[in-house]
1. Full-extension gain between ASN586 and THR489, please, as 0.36 nm times their residue separation minus the C-alpha to C-alpha distance.
2. Return the calculated 222 nm mean residue ellipticity for the chain, to the nearest 500 deg cm²/dmol, obtained by summing -39500 (n - 2.57) across DSSP H runs with n ≥ 4 and dividing by the residue count.
3. Amide H neighbours of ALA740 under 5 Å, at least 5 residues apart or on other chains, H built in the peptide plane: list them.
4. Modelled label-to-label distance, LYS416 and ASP562, 7 Å Cα→beta-carbon offset: nm?
5. How would you rank 242-253, 106-117, highest first, on the average number of other Cβ atoms within 10 Å across their residues?
6. Can you give me the Cα centroid spacing of region 63-112 and region 498-558 in angstrom?
7. Report, in debye and to the nearest 20, how large the dipole of the chain comes out about its Cα centre when Lys and Arg carry +1 and Asp and Glu carry -1 on their Cβ.
8. Could you state the accessible area per residue of the chain in Å², with a 1.4 Å probe and every protein chain left in place?
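The values are calculated or read from the model by the stated rules, or taken from the named source; none is laboratory data. Keep in mind that this is a model prediction, so the values were computed, not measured. Heads up, the Cβs are rebuilt from the backbone with ideal geometry, glycines too, and the neighbour counts pull from every protein chain shown. Protein only, heavy atoms only, side chains kept; ligands, DNA and RNA dropped before computing areas. Shrake-Rupley method; radii C 1.70, N 1.55, O 1.52, S 1.80 Å.
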Amino acid sequence: MQRLLSAFALWILTVNSPLAFSQNQSIPVDLINLPEGFRIELLHSVAANEGSWVSLTHDPQGRLITSDQYGGLFRITPPAIGSKDAPKIEKLAVEMGHAQGLLYAFDSLYAVVNGKPFGKGPGLYRLRDTNNDDQFDEVSLLRSIEGGGEHGPHAVILSPNKKSLYVCGGNHTKIPNPEKSRVPRNWAEDQILPRMWDAGGHAVGKLAPGGWICKTDPDGKEWELISSGYRNEYDIAFNPEGDLFTYDADMEWDIGSPWYRPTRVCFAPSGSEFGWRSGTGKWPAYYPDNLPATVDIGPGCPTGVAFGTGAKFPAKYQRSLFICDWSYGIIYAVDMQQDGGGYKGVAERFCSAPALQGTDISIGPDGAMYFTIGGRRTQSGLYRVTYTGNESTDPIKRQPLNKVAKLRREIEKFHKKAGPQAIKIAMQHLGHSDRFVRYAARIALEHQPVKQWGPSVLSQTDPLALINGIVAFARNAASNRANRMAAVTALSNLDPNKLNESQTLELIRAYGLALIRLGREAGGGEDKVVEKLNGLFPSKSDSINLELARILIAVEAPGIVDRVVKQLQESPSQEEQIHYALCLRNAAKGWKAATRTDYFQWFLKAAVLQGGHSFTGFLKNIRDEAVAKMSDAEKEQFKDLLAKKPTTTDPYANLKARPFVKKWKLDDLLEDVNTKLEGRDLANGKKMFGIAQCYKCHRFDRQGGIVGPDLTGLGRRYNNRDLLESLINPSKTVSDQYQATMFQLDNGQVITGRVANLAGKNYRVITDMMKPGNFTNVNVDHLEAMKPAKNSMMPDGLMDNLTKDEILDLVAYLKSSSEKQISINKSNISVKKKKE
């Protein structure tokens, strides 16, 4: 009877839908979404004794070689495109496996081993067939790599000129003793206030430089560090123009905190640093001593990446970087274009299905895309994607580099000891309007002896040249009071009121590096920092306020505690509030009874805030460290307040406490939105964004959550009608990117949520977007059917307790980021034209 009921439930869930679920096989192709004109085949559903496949490469015969994450190597001969024949699967008779990176080149198979297969430790290995029997009989260790696990050594790829190898490793992997380095070997943590380690214990004690990318020769004899500062980049790829890219991981336990960084595509030029530091220490993208991401993707788990070069796909997809998000079952196509010395890009879903946990991608000589799913002992499979549409699939031509990118590459030639010529070209471009050019110039400078260029940077008058010169000086000069005072004095010649937002942020960081790196024990220069920066706080820029709070608390600026506590109370997003609370824990002076009370009462209210696995622990640790800085007399004075325990409340309590206004409909508001947005109260709109709890799920202007769509630039993507509709009736149109899945279990239970991760046979599902760190496990053995949910996970009625004027302010605020971005872009264009 139970089986009949389950079968009936299965029919109910799958009628008019192909999304029935079959156990113990790879995801069926009719569950997988692709753009129009593309076709997908499941070539092989991997058997249990074949393991779970995580890496992929093609050999010269067009065969695929793959590795079980915890076992050996397999070779697959795929059938011809259009054939219904099964692929030939053979396990290779060689003692090699656990390879998270594979590459066939130089008449050899290279394997990056992560683990200890057959008694072999992690490292880069070379396999050869020395007797021409089509089997590998020679295995050589080229270089040991100290590290393992999911943050261990990962990929190996071929250089664009086909003369070198590139290898990458995650942040739990030591750099493999490279003989050379384009990244100056002066990395440090560089925290103006003490960092707090992860409350859940992850990566405690792990220091810079984090994840890395190295270059080596075919024999693995000489290694060179190319790029660093990643959390856990699993794979790397070159575009047709020869520029290197990767897809870096987030730290999902940080979700909801100001130091959370989403998964992101990074352009990795020579000498690049991307600012991963453990715990709360991650560098913001605007710090001049690291580079920003090209595209922020969101929460996920990066695995294999590959450019579409060589695929018989339309031109757009040949140029795209395909990236696997293992957690959410998505392969994105990231369309990137040159943007000055760097790139800009847009990600779109290319291939997706619930639990399509992609592990690696390889473009075959037949022009097809091949990819594997699996990992963590989950069900594995091999798929092939071909294009059958009407667009041209002629091979694309390599795009010429623009003038700025050519300049960047010329400067990168001096990322080594190169003498006066390197100093000359670096000094010429330290103040360049393009961030990637001035970054390259600073790295070239840092490779030369500081005594040869230090006096020159201290005397610069161009703001950007001086700021970036001081960044280089602070990172390389001897740590003494004289150099500290020289750097701070030089920066004090700049008037912050004459700088734009990005220049001001770079100035604050340069001051901070001077204080961190130069004579910190001896001190000195704090008074000049206070004189120049104290009057700026608070400013109209949220980012500037965050950085000013850090440095002004560090230098004990007069009145700063009162002002930061006020910002803590008034900031609408939890990320801003937590940042201020974190900074204030270090303030030993400047407290008043009222500000102490306000500060510790905030922790009682913060119980409503939600985040990832470490979130609650971070809040507790921030409070504990603040209490530890109090004197015994202060602890006695505030003992009643300190004894109070926070109570969890409804996150929508503030919204529900407001009187019900109206069940708003589109026609009630559209005319006013079309005609009455001019001169609206944007500050109140931002306040409404917080009251309606939009910040919990959505990112806006670099703040907020990431489990929902980023709303920055919303006004460019939607007209007024569609924008209003999404606020009032969020379930009318639900993007498949954020669509929930319904799971029917064999006990009759139905669970609805987004698949966020997998562990063995369990889907880990977010069922409450307000609690993104809490998962419900759905065991595949008890799963009978799954299908897309019709309703949005965004609650209905969030606007019903807001007045018409408040909704108009909110809409104006949401549209303001588009106008601001247009203004910024125009400003940057004019600056570039002026400089050029």
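1. Values: separation 97, 0.36 × 97 = 34.92 nm, distance 2.58 nm.
Taking ASN586 through THR489 to full extension adds about 32.3 nm, to one decimal.
2. Working: 24 runs with 252 residues, N = 836.
Roughly -9000 deg cm²/dmol at 222 nm, from the helical runs in the chain.
3. ALA789, MET793
4. Taking the simple label geometry, LYS416 and ASP562 are separated by 5.9 nm.
5. On the way: 242-253: 23.2, 106-117: 21.2.
Result, highest mean Cβ count within 10 Å first: 242-253, 106-117.
6. 54
7. Numbers: 104 positive and 93 negative charges, 363 e Å.
The calculation lands at about 1740 debye.
8. Numbers: 34180 Å² over 836 residues.
Using a 1.4 Å probe on heavy atoms only, each residue of the chain averages 41 Å².
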